[in-house]
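Only the coordinates and a few stated rules stand behind these numbers; no lab work does. Just so it is clear, the model here is predicted, and its values are computed rather than measured. Cβ sites come from the backbone with ideal geometry, for glycine too, and all protein chains shown count toward neighbours.
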Amino acid sequence: MLDYQVIVAGGGPVGLATAVELGRRGINVLIIEPREAVSHARPRCKTVNVRTMEHLRRWGIADELRARAPLSVEWSQDAVFCTSLVGRELSRFTGVLGLRRDGDRFPEPGQQVPQYILEELLRDTVRNLPTCTFVTGVALTKAEQDADQVLVMLTDGNSATRTVAGEYLVGCDGSRSAVREMIGARYVGQQALRSNFGMVFRAPGLWRDVQHGKAVHYWIINPECPALLGPIDDSETWWIIAFGIDRETGERDALRLIDGATGTKTDATVLSTDPWTARMQIVDRMRDGRIFLAGDAAHLNPPFGGHGLNTGIGDAVDLGWKLAGVLQGWGGPALLDSYELERRPLQERVIREATANMAVTSPELLDADLDADGPAGESARQASAERIQASKAAEFHSLELVLDACLDKSPVIRHEAGIAGSRLPHAWLGKGMCSVYDELGSGFTLLCLTFAALEHSHLLTCAAQRKGIPCKVVDLSTTALRPRYGAELVLVRPDQYVAWSGDQLPAPEPLIGQVTGFAAEP
């Protein structure tokens, strides 16, 4: 008897999300994390994007995250470019980062919230799942595997050790991943040359001086401190990234940098510092036998666009339901093989686009006369606004990347026609706020868009039942969604991606076999 079905190394957001996806499916999971408590010193990721919010909705915790967020989603959906908080406004983008509802394109807008709030919510969620065991104050120090199990050595702060066994190990232990080192995987890619210096500071009364209204964040374009700055709450706590500033300079000149970016004397109190350099890297492999990598342990990208943590949550969901399927007997070997095949193209695209976003930041937008009066100033600001709009729009309006990625290389997708391989297009049902996503089952779901399709749905569900595959039928024959979905039948996976769609149901056993990883694509 093994101790656990899955061991997750790393109790940050990605590791916890992996545990939630597994634990909600009844999988026995151990999550190990060296940190006893979540630190509020560094907010790190501050955008929980639309796709991640869809997962939180599926887990039943989206509303709780919004309730805990220091700033509501209605606070602002703007990104402002200015010479300082009290200086000239140069340009702005509205409806940024999916923070504003867009008809029925998605059920949940994004949410601005510090990473530590999400992490604490996920800790609470995991602790309420009966099959999850969350242990802090211990670290993974050794892992060995054979054909049947993974043996993991745990070490606590007193150097006491214990060995536990699991069927699978998932390394969600960040950029310094011990799991990655143990399987011999390595990062491939580049590192930026420019240093950046992050801070969190308290500045009571600063909002009284802000000339540009509320914003998600402010891009500061001036020679004193080219920076990116934004509020953590609506009272006095802020974060700032000073571009091109090394650790020594940042720690020595912290208050000067803050005053240079805000454009006023703040009498700020620095609460924490965070020097960093952007990395554009991905591992050469994400799996070795029974051991997998996810999140920062597998890939790193610049933060511009807010994709890093959210991509890691996507890893957790993809791997989580597939591990559960294999452990419960209805998932075949190709299901786990598909994890890297599905995730790597998206991870690589995120790295490319985040790197492109980093090519133009505040230092690249500096120009003379931006704060000047008269024709020279007007001309400089007009030229700056045009450049900002041309170079930064993709960073703030990236829902195509977030929502429309297609799994066109996956062996567990039946690519015949229609929308197979894409995220199920969202729709509201009826006059209320019932999302079609709320009707999906925890396993596979067959959507029937016509009455004729509904009559034949039992052929697929019976085939699924014989193999122990969870499969729910949803009757949408009275809706007008047939044109949107482009088919009478749509088979949806547990992660809301379409496994197959068509007007005529093919032989059900081969179809079920392929999408659950037991048979290769014909």
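Results, tabulated for the structure shown:
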quantity: Where Cα atoms sit under 18 Å apart: lysine pairs in the chain separated by 8 or more or lying on different chains; calculated: 4
quantity: Neighbour-count order for ILE117, ILE291, fewest beta carbons within 10 angstrom listed first; calculated: ILE117, ILE291
quantity: Gain upon complete extension [ARG252, GLU509; 0.36 nm per residue less C-alpha separation]; calculated: 85.8 nm
quantity: Segment ASN128-ASP233, extension gain: residue separation times 0.36 nm, minus the distance between their alpha carbons; calculated: 35.0 nm
quantity: Euclidean distance between Cα centres, region 344-407 to region 182-261, Å; calculated: 17
quantity: Point-to-point label distance, ALA356-GLU64, nm (Cα→Cβ direction, 7 Å offset); calculated: 3.8
quantity: Rounded to 5, the percent of DSSP beta bridges in region 428-515 classed as antiparallel; calculated: 65
quantity: Cα-centre dipole for region 428-515 with unit charges at Cβ (Lys and Arg positive, Asp and Glu negative), debye to 20; calculated: 100
quantity: Calculated FRET efficiency for the pair GLU74/ALA480, C-beta based, R₀ 45 Å, to 0.05; calculated: 0.90
quantity: Nearest-0.05 FRET efficiency for THR161 and ASP104, computed from C-beta distance (R0 41 Å); calculated: 0.15
quantity: Order of TYR497, TYR187, TYR218 - criterion: other Cβ atoms within 10 Å of each residue's Cβ, fewest first; calculated: TYR187, TYR497, TYR218
quantity: Cα lying deepest toward the dipole's positive end in the chain, options PRO363, VAL138, TRP238, charges on Cβ; calculated: VAL138
quantity: Paramagnetic reach from GLU439 in region 459-480 [backbone N under 14 Å; point 7 Å along Cα→Cβ]; calculated: 472-480
quantity: Global form of region 429-522, assessed from the alpha-carbon gyration tensor, a/c cut-off 1.5; calculated: prolate
quantity: Alpha carbon centroid spacing (whole Å) that separates region 1-32 from region 49-103; calculated: 30
quantity: Share, in percent, of DSSP beta bridges within the chain that are antiparallel, nearest 5; calculated: 70
quantity: Residues TRP500, TRP428, sorted so that the one with the fewest Cβ neighbours within 10 Å comes first; calculated: TRP428, TRP500
quantity: Normalised contact order of region 428-515, rounded percent, pairs of Cα under 8 Å and 6 or more residues apart; calculated: 32
quantity: Electrostatic dipole magnitude of the chain [Cβ: Lys, Arg +1; Asp, Glu -1; Cα centre; debye, to 20]; calculated: 540
quantity: FRET efficiency estimate (nearest 0.05) - Cβ-Cβ, ARG194 to ARG466, R0 51 angstrom; calculated: 0.30
